[in-house]
Amino acid sequence: MLIANDETKLREQLAFTDSMIPKRISADPEIVENGLAKLVLSIIELIRRLLEKQALRRMDAGNLSEEEIERLGTALMKLEEKMNELKRTFGLDDDDLNLKLGPVKMWE
Amino acid sequence: MNEALDELTLLETLDHLLDRGVVVAGEAIVSIGDVDLLYLGLNIVLANVDAIKRTSKR
Amino acid sequence: MKSVVIGAHLRRDDIEPLAEAIAAGELFLSGLPVADDQPLGDRELLLRVAKIRAALLERATFIAIRYGLAVSSPAEASAKCAEHLERWRALLEQHRDEVEMTLKVVAPERVARPDRHDFKSGGDYLKALHAATNAVEVDPEFHTAAEEAIGKGRWLHRDQASLELAALVARDAVERVRAAGEELKRRFPHVPFLLSGPWPLEVFADADRE
């Protein structure tokens, strides 16, 4: 059962994890057309978001030592840094990564 | 309008599958897209995933 | 062959014949057998598992195991779930006639994301991210109305743009909740929210939140 108020806004605003699942990288013509770089970066970005969400869940649970928090936080910072480097290298920005992978859209 | 709702239902269903529930043996964190990562050879992300796996001790 | 694990159930016939029943301690895990080299990050597989989960829920309430666990034998299943089994059994017996309902609501204002350049230490950055996520607020009137509609449950902060209420509802109260949801829609036409369910024990099965 699903009762929704304002489907459009919901789709825009809710960070559904579905957006993290790309179609298998096989012979999908849409993917080939859109360029491998965009695909790769989009997937890294999705993984980065997944890892960040997981880190936040661990913070919620409150069972991380100060050392672990430090290491997790640093890993996340580095991942973000790497992501930005790659975007610069390929001349892509966040809008460019908002691509359509088959029937699965990428959400912010 | 119905299409929007269908899509929303799909997203919500998958969201529940992926983002909630008990994490057993730390599997859930890395296994989504795991093989795809290997397939693409994304070593950067793999390295960080490993670091976080070690860090979370599960 | 490996089996993609779906949930933990009290009885074998809570599972069969909808899925494979894998014995683990006194409980049974539901599984979907797939080829060993089947990648888990596959959309079609996810959709299949989602369908089976829904069918299993109609049978009986179970503990949802997050997608991603795959086992090759009952021994492996038992070993990996060992630390959870006792707790799961207690939960399953306690909540046999209940299901989870979820209400997500979009916050009127997205909380600003901290800029990593403002932080020298990774730990401080992560703490700031966590604080920002937890700062999300919704209209207090809606907050109260939501709890009246689906019950007092747990409010979760999953991201910087929304809030989520998860509550346990008796199976025979699900229709009443649905009506309450429609009423909520009428009362708050400008608050984007999503009421969904029923779901197996997800938030309420999470050890971290005890």
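Condition test on A:Glu30, is it part of a helix (DSSP H, G or I), surrounded by fewer than 17 Cβ atoms within 10 Å (Cβ to Cβ) and either at pLDDT below 80 or not charged (D, E, K, R) (or both)?
yes
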Query - Residue count for the range C:92-107, restricted to those that are more than 10 Å from every other protein chain (Cβ to nearest Cβ) and either in contact (Cβ under 8 Å) with a residue 60 or more places away in the chain or among the charged types (D, E, K, R) (or both) - result: 7
Requested in this report: State yes or no: is C:Leu156 hydrophobic (A, V, I, L, M, F, W, C) and free of Cβ contacts under 8 Å to residues at least 24 places away in the same chain?
Outcome: no
Query - Number of the condition not met by C:Ala170 [criteria: (1) touching a helix residue (DSSP H, G or I) at 6+ places or on another chain (Cβ under 8 Å); (2) over 18 Å from C:Leu194 (Cβ atoms)] - result: (1)
Requested in this report: Considering (1) more than 14 Å from A:Ala55 (Cβ to Cβ); (2) in contact with a His (Cβ under 6 Å, 6 or more places away or on another chain), say which one C:Thr133 fails and leave the rest.
Outcome: (1)
Report task. Pick out the one residue from C:Ala135, C:Ala173, C:Ala180 that is of a type in the set (Gly, Ala, Ser) and within 18 Å of A:Leu14 (Cα to Cα). Result -> C:Ala135
Report summary line: Flagged in the range C:167-197 as within 7 Å of chain A (Cβ to nearest Cβ) and either basic (Lys, Arg) or within 14 Å of the chain's Cα centre (by Cα) (or both), in numbering order, are C:Arg178, C:Lys185, C:Leu195, C:Ser196, C:Gly197
Requested in this report: Name every residue in the range C:38-51 that is among the acidic types (Asp, Glu) and assigned to a loop (DSSP other than H, G, I, E, B), in order of residue number.
Outcome: C:Asp42
Query raised in the report: Within the range C:147-166, is even one residue within 15 Å of the chain's Cα centre (by Cα) and at pLDDT 95 or above?
Result: yes
Report summary line: By residue number, the members of the range C:57-71 that are over 15 Å from the mean Cα position of the chain (by Cα), within 23 Å of C:Arg87 (Cβ to Cβ) and part of a helix (DSSP H, G or I) are C:Arg59
Requested in this report: Determine which single condition C:Glu83 fails, assuming it passes every other condition in (1) in the same structural domain as C:Thr61 (by TED's automatic domain parsing); (2) of a type outside the set (Phe, Trp, Tyr); (3) in a helix (DSSP H, G or I).
Outcome: (3)
Report summary line: Picking from C:Arg59, C:Arg48, C:Arg66, the residue that is in contact (Cβ under 8 Å) with a residue 40 or more places away in the chain, charged (D, E, K, R) and outside the structural domain of C:Asp139 (by TED's automatic domain parsing) would be C:Arg59
Report summary line: Of the residues in the range C:1-37, those that are assigned to a strand (DSSP E or B), out of contact with any helix residue (DSSP H, G or I) (no Cβ under 8 Å at 6 or more places or on another chain) and farther than 20 Å from B:Val22 by Cβ come to C:Pro33
Query - Test: residue in the range C:60-71 that is touching a Gly at 6+ places or on another chain (Cβ under 6 Å) and within 11 Å of chain A (Cβ to nearest Cβ) - result: yes
Requested in this report: Within the range C:100-111, identify whether any single residue is surrounded by fewer than 21 Cβ atoms within 10 Å (Cβ to Cβ) and at pLDDT 95 or above, and answer yes or no.
Outcome: no
Query - Pairs where the first residue, in the range C:110-125, is of a type outside the set (Asp, Glu) and the second is not in a helix (DSSP H, G or I), C-beta under 6 Å, 6+ apart - result: C:Arg110/C:Gln160; C:Arg110/C:Ala161; C:Val111/C:Ala135; C:Val111/C:Val136; C:Val111/C:Gln160; C:Tyr125/C:Phe119
Report summary line: Checked the range A:65-86 for anything more than 9 Å from chain C (Cβ to nearest Cβ) and hydrophobic (A, V, I, L, M, F, W, C); matches are A:Leu79, A:Met83, A:Leu86
Query - Subset tally (residues that are surrounded by fewer than 17 Cβ atoms within 10 Å (Cβ to Cβ) and away from every other protein chain (no Cβ under 12 Å)) for the range C:146-166 - result: 3
Query raised in the report: Do the conditions hold for C:Ala19, that is, is it crowded, with 17+ Cβ neighbours inside 10 Å, within 22 Å of the chain's Cα centre (by Cα) and away from chain B (no Cβ under 13 Å)?
Result: yes
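The values are calculated or read from the model by the stated rules, or taken from the named source; none is laboratory data. Keep in mind it's a predicted model, so treat the numbers as computed, not measured. Note that we place each Cβ from the backbone using ideal geometry, even for glycine, and neighbour counts take in every protein chain shown.
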